[in-house]
Structure formats: structure tokens, C-alpha cells
Amino acid sequence: MAGAATALGGLRGAARFEANTATRDPAWVKGLVLSLSLGFFLLFLLLPLIAVFVEALRRGWSVYLAALIEPDAVSAIRLTLLTAAIAVPLNLVFGIAAAWTITKFDFRGKQMLITFIDLPFSVSPVIAGLIYVLVFGAQGWFGPWLGEHGIKIIFAVPGIVLATVFVTFPFVARELIPLMQAQGRDEEEAALVLGASGWQMFRKITLPNIKWALLYGVILCNARAMGEFGAVSVVSGHIRGVTNTMPLHVEILYNEYQFAAAFAVASLLALLALVTLAVKTYVEWRASQTAQPGEVP
Amino acid sequence: MIARMSRRTLALLAALYLLCTTAPGTHAQTTLLNVSYDPTRELYQDFNAAFARHWKAKTGETVSIKQSHGGSGKQARSVIDGLQADVVTLALAFDVDALNRNGGLIPADWQQRLPHNSAPYTSTIVFLVRRGNPKQIRDWADLAKPGIDVITPNPKTSGGARWNYLAAWAYALDQPSGSDASARDLVARIYKNVKVLDSGARGSTTTFVERGIGDVFISWESEAFLAIKELGADKFEILIPSLSILAEPPVAVVDKMVDKRKTRSVATEYLHYWYTTEGQEIAARNFYRPRDPVVAAKYAKQFVNVRLVTIDTVFGGWDKAQRMHFADGAIFDQIYAK
């Protein structure tokens, strides 16, 4: 959130620098940097995105739609949404709890906790998946017990959800911690002194303060949850119609020479990403408005 | 106002999720999970549909067969780790043996339970080259020449890749004055020409066919036919080496799983169906060599006669071949590290 506010501040700063001849960059530098970054954007970001949609529609709308309503595809879409629907709320709760613990209390090992929250970012997703195979697999620590009781974790939906929760864990906490640190505990203390209950304080003071950062974290978390490939691939077992998520389904279709269908599902994933981006931009804009009330109409 | 709106949006989203996630599809019916290797996707699509019809006609029950595909070694590993396969249909016996060695999922004598070493169809290893064979590749020795880009998957994870490797080895042994040393030399020079080592056969096919990398792709015969069928005879051609290996991809019921899931009778029938005339026809139509002599005669034009050696006669069985060539630190590691 702090990021969003600075981005806006930066824009105003840029205008000021442009107006002043002493700080203005030569025109050729500006042109070079601009064309470099725009060229990169076109070549590496926009072109592939367009290619996805062009390939998806190459054989016409009927093939495109058929690829999306085919039972295995529907099942993959459903599983992806279900996974996100479980992983995101879980990480919402975990994220708030972790950020609260870190910013409102002092305790030994706090730095270590902060480091551990970042672990899923630094660990390769493949390892994240393998951890669960080693722990819950038939040959793993809890495997025999789970097998006896008929509980399926890996190569089933719970494993996919677990792996997704793991890789998306830092998003919410990482967004909240800097903001809550900057805000300090003063307002909450005031509320308590004035007689608010713990829940009232959280609802009336903390939540409104962190609202936009929280939403931003949730959006990022959701985007990753729907797009995760590596960790999910390890624990999925690739049973079509049962444990394939959308990214895995795209790979399978591609490997089966069904290129139009593969790109159709890929385009749906890309669309979800674009919607996420749009929502994210809206949230950033709202946040900057609440951050500087009165400055922007 | 905004709070009310977002609450309504939330409710709407929640309803959408529920709708999406609790749609029908969970009514009671027998399901089988067949864990298979990489290039059998099209084969089992055909076979599963035919078997479901057969089972319905015979018992009146509806059976739905789920598929999982990947590199053969990796798939065996998944089953050992708990992927609940009723049947496995892998690329080579060694990977099925792994189910016995780890966790005792099947008995040691599994290969004697069905005819023909439990391999209802066979295949062999051929070369796929670009149309017109611009690099003039004829036989295994040509793959070792400098400047030839070879595509083959990783023998550590792919069953097909192990057949590729052993076929090259058998060819070198078969040459006049062939020895283990000369075989090792030839294979080492072939792998020096390998630019991309994918984890499964289908990944390699994509590398060669779609991405256009490499001069020659050492491939399952079935996979080579399929690439030509899917992507056009005007782009590729199949070359048959002077000697190749008889690949016997075996099938097995996973005893521990079918007893737990009470699916033994349908799983057993599923595999027996391979040995019927219909089953053999499906194999031949999907470019796998049938065992049944009548069906084989019918498709004789499709499958060129090639001198084939077997893993047992040349390498003394999979156990020995695995230890000597593909185990950690064995010959493949030694030649590929260089």
C-alpha cells in the first residue's frame, strides 16, 4: 500500500523534474529509456498475451467454447476455483494473525518469525510440493496412518489445497506488516482506553486502517493460487477430471496436440489474471485516495 | 454504501463458487484409475471407451476410467507414494517391479499372471527425422556423428528413454568386434549429441516436432506414427534402424489398492480385455504392435519387419540392466557427466 502511495507521489515528482531545466534529462536519454521499456513491454509481455488469444481462437469460436465446456476442462476450472476459495480465506486469517502478532507484540524470536513467513517465496515450489509428499505420502511420516483410516491427502484435493496455501502464505502477511508497523498501536490503545472491547477495536479501528492493504494482499494471493503450477504438479497425481487444475490441464492439452484447446484454457487463465490486475489497479487507486484525502478529488 | 455493495458482491461471489464447486458428478458408479506412462494417452482414450461398453454389455454396470499420464518412472513413484491406482500400465517391467520392492503393492510374480509377460502389446524404437532426411541418417552409428542433434528423453525418468539407450547398446554389441567397451563408446558419443533431455517421451516429441529442435528423435514407434498422423507426413519421416529392441510395456493390477477399493473383478477384466480381438485391434489402430497373430497379419503393412532383440537375451533382464546402466553412478551417469 505504501507502494501505491509512493507511485503517485513519484508521478508528481516527475512533473516537477520535467519543468525544471536543471533537472531535466536530455531528450535522447528520455527517448531511449522510454523506447527500451516500451519495446520490452511489447515484446515480452503484450505479444505473448496476444499470442495466447490468437492461438486460442485460431480454429474459431466453436472449438474455443468446446474446449472450455469439455468435462475435464470444467472439472479443472472447478478445482482451481475451489482451491482458491479455500486457500485465500485461510491465508486471509493466517495473514492477519501473523501481521497482528508481529506488529502488536514484542517477543523473542520475532525476527525469526518474519523470516519464516518469507520462506515460501524463497523455496522452489517443487520443494514445497515434495515436502507434502514426504510427510503425507504412503511412504511418508503420516502416510501409513492416513492410509489405514482411508484419508487421502496427496494426489487428492486436500494436498492441492495444502500446497497452494503454502506457496501463497506470504502475500497477505507481507502486505500488512509494513503498514501496521507504520501505523503503530496508538489508535488501538486509545480505543481500549475509551472502553472498546477487543473485537470492537479490531472492527472499528484496525480493520478500516488495513482494509486496502488487506484487499491488495488477497488479490495477489488469489492470482497466485489460481496460477500455481510447480507445487500443485508434484502433489496432484494428474488424474484427469479429478486432480487437474487449470495450469496442469493446459499442459496436458498441449502435450496431446490439442493446441487450440490448450490455448483456450490458457486464455481463460489469462483473462482471470487480467481481471485480477484490473481489480488490483482499482484497489491501488482507492487506497491512494484514502491515503491522501482531499488532495485528489 | 460501498460496504453494502461489497457485501453483496461477496455474497454473489460465494454463490458462484458454490455453484461451480458442488455441481453434479459425484453419483455412485465404479471408477478405475489407470496410471500410465507418457505416450499412451490416445491409446487409452480409445481402449477405455471400448472397455466401458464391453463392461456395460457384460454386467450392466457403468464404469468410468480415469487416466493419469507421465514419465514411467515418475508415475511408479507416485503410486508408491500413494496415488491410488487400480491398474498400472507402464513403459517397462522394472517400473512395475518397483511397486513390489517398495511397499509390496503387488506380488513378486506379477509378470506371470497375464500372457506374454503381462505385455498385451509391444512396440519398438525407431528414428523420426525431418522430411527428406537432410542429415542422411541411416542407422544407430549415424547418431554418434559430430554435428547431429539428437532428441531423446532422460533415461532416469522416462521408460522410453531407457529402451532407446538399450537399443543403441544392443546395436553396438551386435556389430562385428562389438564389445561392452565399443557399446559404451557409441552410446557416450550419441548422448554427447543430445541437446535437450526431457523428462518424458511426450515432452521430447513436443521438443522435436513443435519446437523444431534436433535432427533426429529416437522414439517409440507408436509415438513416431502419431506425430506423423497429428502433424502431417509432409514434415517428418520414420526410419527403421537395422536392429532395434522389443519393447514390452507391461500392465498389472495393483493388488493392495483393488482389495481396498473392492475393484478387483473389474480391474482384472480391464486388463484381460487387452487380449481379446477387439483389444488387439485397438492397440494396432493406435500403432502398437499386437500380440495376436491374426490381428498382426491384418496390420502387417503398417509395422515394418525389423530385427528385434529382447532385454532378457542381451541384458539379462531389467534388474541387471538397471543396475549396470541407470542406477546412481552407473554407466549412464558416467557418460552423461562427461
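The values are calculated or read from the model by the stated rules, or taken from the named source; none is laboratory data. What you are looking at is a predicted structure, and each value in this text was computed from that prediction instead of being measured. Neighbour counts run over all protein chains shown; Cβ positions are idealised from the backbone, glycine included. Accessible surface is based on the protein model in full, side chains and every heavy atom, while ligands, DNA and RNA are left aside. Shrake-Rupley method; radii C 1.70, N 1.55, O 1.52, S 1.80 Å.
Which residue pairs have Cβ atoms under 9 Å apart, sit 6 or more places apart or on different chains, and have a first residue in region B:309-331 that is open to solvent by less than 90 Å² (accessible area, probe 1.4 Å) and a second that is hydroxyl-bearing (Ser, Thr, Tyr)? Final answer for the pair search is B:Val309/B:Tyr171; B:Val309/B:Ser244; B:His325/B:Tyr165; B:Phe326/B:Tyr165. Can you spot a residue in region B:59-82 that is of a type outside the set (Ser, Thr, Tyr), out of contact with any strand residue (DSSP E or B) (no Cβ under 7 Å at 6 or more places or on another chain), at pLDDT below 95 and farther than 25 Å from B:Leu105 by Cβ? Scanning region B:59-82, I find at least one residue that is of a type outside the set (Ser, Thr, Tyr), out of contact with any strand residue (DSSP E or B) (no Cβ under 7 Å at 6 or more places or on another chain), at pLDDT below 95 and farther than 25 Å from B:Leu105 by Cβ, so the answer is yes. Figure legend. Inter-residue proximity from region A:162-184: first residues closer than 17 Å to A:Val235 by Cα, second residues among the hydroxyl-bearing types (Ser, Thr, Tyr), beta-carbon distance below 8 Å, spacing 6+ or different chains. Indicated pairs: A:Leu162/A:Tyr132; A:Ala163/A:Tyr132; A:Thr164/A:Thr83; A:Phe166/A:Tyr132. Checking each residue in region B:178-202 for being within 14 Å of chain A (Cβ to nearest Cβ) and either surrounded by fewer than 18 Cβ atoms within 10 Å (Cβ to Cβ) or not in a helix (DSSP H, G or I) (or both) picks out B:Asp198, B:Ser199, B:Gly200.
Within region B:121-143, residues that are open to solvent by 50 Å² or more (accessible area, probe 1.4 Å) have Cβ atoms under 7 Å from residues that are of a type outside the set (A, V, I, L, M, F, W, C) and assigned to a strand (DSSP E or B) in these pairs: B:Arg131/B:Glu237, counting only partners at least 6 apart in sequence or on another chain. Looking at region B:212-220, is at least one residue small (Gly, Ala, Ser), over 23 Å from B:Tyr37 (Cα atoms) and modelled with pLDDT under 95? Yes, some residue in region B:212-220 is small (Gly, Ala, Ser), over 23 Å from B:Tyr37 (Cα atoms) and modelled with pLDDT under 95.
Only one of the numbered conditions (1) under 23 Å from A:Pro71 (Cβ atoms); (2) of a type in the set (D, E, K, R); (3) over 18 Å from the mean Cα position of the chain (by Cα) is not met by B:Glu42, and that is (3).
Scanning region A:223-265 for residues that are within 12 Å of another protein chain (Cβ to nearest Cβ), of a type in the set (A, V, I, L, M, F, W, C) and farther than 27 Å from B:Ile80 by Cβ yields A:Leu253, A:Phe259, A:Ala262. Among the residues of region B:225-266, the one identified as closer than 25 Å to B:Ala170 by Cβ, in contact with an Asp or Glu (Cβ under 9 Å, 6 or more places away or on another chain) and in a helix (DSSP H, G or I) is B:Leu226. Selection of helices (runs of 4 or more DSSP H) fully inside region A:1-83 by the criterion of at least 2 residues being open to solvent by less than 60 Å² (accessible area, probe 1.4 Å) and modelled with pLDDT under 85 returns A:2-19.
Among the residues of region B:45-68, just one is open to solvent by 50 Å² or more (accessible area, probe 1.4 Å) and under 15 Å from the mean Cα position of the chain (by Cα), namely B:Gln45.
Here B:Thr206 fulfils each of the conditions (1) open to solvent by less than 50 Å² (accessible area, probe 1.4 Å); (2) touching a residue at least 40 places away in the same chain (Cβ under 8 Å); (3) in a helix (DSSP H, G or I); (4) out of contact with any Lys or Arg (no Cβ under 9 Å at 6 or more places or on another chain) apart from (2).
If you filter region A:97-150 down to residues that are without any contact (Cβ under 8 Å) to a residue 40 or more places away in the chain and among the acidic types (Asp, Glu), you find that the one that is nearest to the other protein chains (Cβ to nearest Cβ) is A:Glu148. Of all the listed residues (A:Val93, A:Val165, A:Val135), the sole one being crowded, with 19+ Cβ neighbours inside 10 Å and either of a type in the set (A, V, I, L, M, F, W, C) or part of a loop (DSSP other than H, G, I, E, B) (or both) is A:Val165.
Taking region B:203-221, which residues are within 14 Å of chain A (Cβ to nearest Cβ) and of a type outside the set (Phe, Trp, Tyr)?
Hits for region B:203-221 are B:Gly203, B:Ser204, B:Thr205, B:Thr206, B:Thr207, B:Val209, B:Glu210, B:Arg211.
Screening B:Asp86 on (1) more than 17 Å from the chain's Cα centre (by Cα); (2) without any contact (Cβ under 8 Å) to a residue 60 or more places away in the chain shows it passes everything except condition (2). Counted as qualifying within region A:198-297 are the helices (runs of 4 or more DSSP H) with 1 or more residues that are charged (D, E, K, R) and open to solvent by 60 Å² or more (accessible area, probe 1.4 Å), namely A:207-227, A:246-255.
Part of a loop (DSSP other than H, G, I, E, B), open to solvent by less than 50 Å² (accessible area, probe 1.4 Å) and free of Cβ contacts under 8 Å to residues at least 24 places away in the same chain: does that describe B:Gly103? Considered against the rule, which asks whether it is part of a loop (DSSP other than H, G, I, E, B), open to solvent by less than 50 Å² (accessible area, probe 1.4 Å) and free of Cβ contacts under 8 Å to residues at least 24 places away in the same chain, B:Gly103 comes out as no.
Among residues of region B:173-200 that are closer than 27 Å to B:Asp38 by Cα, those with a Cβ under 6 angstrom from a residue that is open to solvent by 70 Å² or more (accessible area, probe 1.4 Å) and part of a helix (DSSP H, G or I), sequence gap 6+ or separate chain, pair up as B:Tyr191/B:Tyr336.
If only residues of region B:24-39 that are surrounded by 13 or more Cβ atoms within 10 Å (Cβ to Cβ) and over 19 Å from B:Ala119 (Cα atoms) are counted, the one that is farthest from the chain's Cα centre (by Cα) is B:Thr30.
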